[in-house]
1. If you count, for each residue, the other Cβ atoms within 10 Å and average over each peptide, how do 122-131, 50-59 line up from highest to lowest?
2. Return the distance in nm (one decimal) between the two label points of a simple spin-label model at Ser67 and Val52, each offset 7 Å from Cα along Cα→Cβ.
3. Return the distance in nm (one decimal) between the two label points of a simple spin-label model at Ser107 and Thr178, each offset 7 Å from Cα along Cα→Cβ.
4. If we count other beta carbons within 10 Å of each Cβ, what is the order of Thr178, Thr117, fewest first?
Amino acid sequence: MPIARSLPRVLSISLLGLSVAAAAAGCSSGPSEPNGPYMVWDPYSQFGNGSVWVKSLDKCANAAGASIKRTVVNSAGVVEKASGAEQQGLAPDLLIVDSTDIPALVSDRVLAPVSRTHLSVAGVAPDVLRAGDVGGNNYGVPVGTPVPAAGEFITIPVQTGTSRYAIDDKIVSCLTDTANAAAIDNALSHTSAAGAPQRPQVSTKVALGPIVAAARSPRAAV
């Protein structure tokens, strides 16, 4: 079931519509310094400067000692754009994609598995986490989901400078901690994928209770 949004399924607004090469300039393989601008591609065109999402990105990057350069990339065709950017060494550091796009991105050798990036998936509902699994390897951390086994993931493309993975991990860990995840998921109309952020969500939005309960309930693998 799609999340509530005007955007299609699946982190500078001013770059929307530019070519991949232009939009991705200064991406993961570009800067030589580990704390150089971290490119984030997301599909959230409805969120501009001042939104919870953008403020969270900036806050988490600052906490990691880095800076963020955000590009809104429409989820339609994101696989082709990310694959092309990766081939040119211009893939973003962080990529927000729908879980259904992950297998194609893995097939195109765009994404690095969690075993390499060391992203923590602790506390994530197993049924939700399974949506980011390809061939027994997990490729990201759920942003949140309105139903089990669906939703969007924060993924990390393969990078030439592996020292950047550590900063990626800090940024993502900050975005998905209890307080930030609850605020972000509320803004995105998601249900948090981890149990801890779900509790404050349910306390403020009683209607989310049944959805959260469904997300926690294991289902047989299809």
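Each value in this text was obtained by applying a stated rule to the coordinates, not by laboratory testing. Not measured: the values here are computed from a predicted model. Cβ: placed from backbone, ideal geometry, glycine included. Neighbour counts: every protein chain shown.
1. In descending order of packing, they fall as 122-131, 50-59.
2. Computed distance between label sites Ser67 and Val52 equals 2.8 nm.
3. For the pair Ser107/Thr178, the computed spacing is 4.1 nm.
4. Fewest-to-most Cβ neighbours within 10 Å comes out as Thr178, Thr117.
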